[in-house]
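Below is one structure; the comments refer to it alone.
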Amino acid sequence: MTEHTSPVRHICKRLGPLWGILCLSFLALACRLGDLAVMPPTTAVPTPTETGQIEPDLDRPIAAALPGSSRENPIPVGKMAVTGRFEITLLQSLRGDAAWQEIHLANANNAPAPEGWEYLLVKVRVINTDSDPQKRYLGLHVTGDGRIVHFSFNSGVVSPKPPLATSLSGLEVSEGWEAYLIHLHEGNLMLVANDHTIYDPPSVYLAVNEGASITVDRETMLRINPTDLGVKRDDPTPFGQTATGEDWQVMVMDVVWGDAAWEMILDTNQFNNPPPEGMVYILAKVRVRYIGLAEDQQSITTQAITLLDGSGEEIKSPTVVSPEPKLFFHLYAGGEVEGWIVLQAPAEAKNLTLYFQPTYGAPTVNGRYLSLGQGR
């Protein structure tokens, strides 16, 4: 009886050695990809029902976000991450006294961390993998369980040598130190990386601490309901009380008027100008908390608050350097900050109010009026 060999079987037999080589190549590629950040996160795929229609399965769990695509699952310590054209690897980190010793040695004029804060030093390797010689910019910041983004330019110190370069030409490599101010004892630290040559770049997260992970506390956020306090201009939120919108809470904590405000502003920067004739400076310290559920960071700056006169007309803010901390932050869900804003008004103005309106969202959603108190 003659044995019959199928064409497919015959081809497989002849390609046996080549097949082995291909398998090894795919295995090596898989190992390589295991060290990289892949985006975006995936979700479970719905399955067809008996009728042939694809319907959502509400009981099916959502697949875990891929490493680096969320704060819940950052790239592990020592692993390489990819954002746009950049490859980033965290090599070393120091914090607290250990970081301060290196910062002090780097430059004798570097100041100790302010009360309630400490330094974080990270040593990072960055590679621009693009062949284009044009320089590209990498944003590299830090966040933790304080749910605030810490920017390197806010540290105010000279980093140890070699300093990290984050503006690189094609195929250029930088390996060096970057300094940050973080809250004292802040945990779950991670780097936030963005290729800023890409429009609206997604963030990639790299753990600084082993096991770092941050989740959005949805239950707590959902229990905070908007109130009508401060919705109307003629009935602003009383001084020292909290106004709550859909996504934000805000409260005026302190107000400094006139000469006292000018002294603080002058102490901040000797080149600040005095108020125009007939005007006075007003410093307002506000507390802001982001209570929305968005996973990405939300900005809150002095532009979110305007000063209104008794008739509701806006009084333009002056251009001066504000005392620290200035109201300029990026927050994640649950993040809370305090900051100063500099205002000015006619010396005899009465019934002044602040109007809080974040960059995004309709006025009826988050817009709130706040009293400045002080009998004005």
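The values are calculated or read from the model by the stated rules, or taken from the named source; none is laboratory data. In this text, all values refer to a predicted model and were calculated from it rather than measured experimentally. FYI the Cβ positions are ideal-geometry reconstructions off the backbone, even for glycines, and counts take in every protein chain you see. These accessible areas exclude ligands, DNA and RNA; they are computed on the full protein's heavy atoms, side chains included. Shrake-Rupley method; radii C 1.70, N 1.55, O 1.52, S 1.80 Å.
Listed values, structure above:
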{"quantity": "Failed item in (1) assigned to a loop (DSSP other than H, G, I, E, B); (2) open to solvent by less than 70 Å² (accessible area, probe 1.4 Å), with Glu295 passing the rest", "calculated": "(2)"}
{"quantity": "Of all residues making up the range 83-98, the number that are surrounded by fewer than 16 Cβ atoms within 10 Å (Cβ to Cβ) and on the phi < 0 side of the Ramachandran plot", "calculated": "4"}
{"quantity": "Conditions (1) open to solvent by 40 Å² or more (accessible area, probe 1.4 Å); (2) part of a loop (DSSP other than H, G, I, E, B); (3) not small (Gly, Ala, Ser); number of the one not met by Glu219", "calculated": "(2)"}
{"quantity": "Positions within the range 55-82 being part of a loop (DSSP other than H, G, I, E, B), of a type in the set (Gly, Ala, Ser) and either modelled with pLDDT of 95 or more or in contact with a strand residue (DSSP E or B) (Cβ under 9 Å, 6 or more places away or on another chain) (or both), in sequence order", "calculated": "Gly68, Ser69, Ser70, Gly78"}
{"quantity": "Flag if Gln101 is under 23 Å from Ser167 (Cβ atoms), at pLDDT 95 or above and open to solvent by 80 Å² or more (accessible area, probe 1.4 Å)", "calculated": "no"}
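One line per residue, one yes/no per condition, for (1) touching a residue at least 60 places away in the same chain (Cβ under 8 Å); (2) part of a strand (DSSP E or B):
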position: Gly156; (1), (2): no, no
position: Ala165; (1), (2): no, no
position: Glu175; (1), (2): yes, yes
position: Ile182; (1), (2): yes, yes
position: Gly187; (1), (2): no, no
position: Asn194; (1), (2): yes, yes
position: Ile198; (1), (2): yes, no
position: Pro201; (1), (2): yes, no
